[in-house]
Amino acid sequence: MELDRLDRDIIGALVEDARATYAEIGQRVGLSASAVKRRVDRLRGAGAITGFTARVEPAALGWTTEAYVELFCAGKTSPAEIGMAVARNPEVVSACTITGEADALLHIRATDVRHVERVIERISAEPFVVRTKSSIVLSRLIDAPPITPRNESPFLA
């Protein structure tokens with residue numbers, strides 16, 4: 001789907017505040033509330049907007065520790081197999097296949113280091129896992145919001 005400037009502005013407004021009314025967004029982007037609603041409905045129908053969520057500070061829920069875990073897998077373990085196995089762990093907040101020696105990289109949030117250790121033990125018990133390599137996050141240096149039309153890098157063009 002091709003997005004025009006108004007679509008991008010509407011998406012940017014929703015990313016900043018998904019609870020904004022259509023009238024508030026319309027005032028910001030120069031459209032009527034009904035025109036904004038029609039565009040949002042179209043964007044949702046086309047799959048450009050996939051849903052609306054609340055962003056919650058993990059520490060508010062007790063998730064004060066995070067780690068990145070490299071997964072080294074046996075043979076030709078498929079990405080789907082890795083994804084299904086790690087998705088069973090609610091502490092895994094993201095997982096992706098990567099280049100380099102490891103097969104996948106997991107981002108884990110937990111209550112403390114012991115909790116991270118238990119998660120890694122569960123994941124390591126999967127039959128395809130040969131070994132893991134983990135790094136505990138000490139502090140976040142940059143914690144940018146998702147890319148929106150307002151903060152896209154000019155280098156991505």
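For the chain, the mean residue ellipticity at 222 nm estimated from helices alone is -10500 deg cm²/dmol, where every DSSP H run of n ≥ 4 contributes -39500 (n - 2.57) and the total is divided by all residues, rounded to the nearest 500. List the trypsin sites (Lys or Arg not before Pro) within region 11-75 that DSSP assigns to loop and that have no more than 13 neighbouring Cβ atoms inside 10 Å. Passing sites in region 11-75 are 19, 55. Amide H contacts under 5 Å for residue 73: 103, 130, restricted to partners 5 or more places along the chain or on a different chain, H placed in the peptide plane at 1.01 Å from N.
Taking GluC sites (Glu not before Pro) as exposed when their DSSP state is a loop state and no more than 16 other Cβ atoms lie within 10 Å, the longest site-free interval of the chain runs over 3-100.
How much of the pair distance distribution for the chain lies past 18 Å, counting alpha-carbon pairs only, in percent? If you can, show how the numbers build up before the last one.
Details: 8272 of 12246 pairs.
Counting pairs separated by more than 18 Å, the tail of P(r) holds 68 percent.
Give the residues of region 1-33 whose amide nitrogen is closer than 11 Å to a point set 7 Å from the Cα of residue 41 in the direction of its Cβ. It comes to no residues whatsoever.
With +1 assigned to the C-beta of every Lys and Arg and -1 to the C-beta of every Asp and Glu, and no other charges, what is the dipole magnitude of the chain about the Cα centre in debye, to the nearest 20? Please report the intermediate quantities before stating the final value.
On the way: 20 positive and 21 negative charges, 79 e Å.
So the dipole magnitude of the chain works out to roughly 380 debye.
Using 0.36 nm per residue and subtracting the Cα-Cα separation, the extra length available between residue 76 and residue 93 on full extension is 3.7 nm. What do you get for trypsin sites (Lys or Arg not before Pro) in region 60-116 restricted to DSSP loop and a cutoff of at most 15 other Cβ within 10 Å of the site's Cβ? Sparse-neighbourhood loop trypsin sites (Lys or Arg not before Pro): 76, 88. The modelled label-to-label distance for the pair residue 16/residue 138, using points 7 Å beyond Cα in the direction of Cβ, is 3.6 nm. The residues of the chain present an accessible area of 66 Å² per residue when probed at 1.4 Å with all protein chains retained. Within the accessible area of region 14-112, what % is carbon and sulfur when the probe is 1.4 Å and the other protein chains stay in place? Within region 14-112, the accessible surface is 53 percent carbon and sulfur.
The values are calculated or read from the model by the stated rules, or taken from the named source; none is laboratory data. Because the structure is predicted, anything quoted here is derived from the model rather than measured. Neighbour counts run over all protein chains shown; Cβ positions are idealised from the backbone, glycine included. Only protein heavy atoms, including side chains, enter the accessible area calculation; ligands, DNA and RNA are left aside. Shrake-Rupley method; radii C 1.70, N 1.55, O 1.52, S 1.80 Å.
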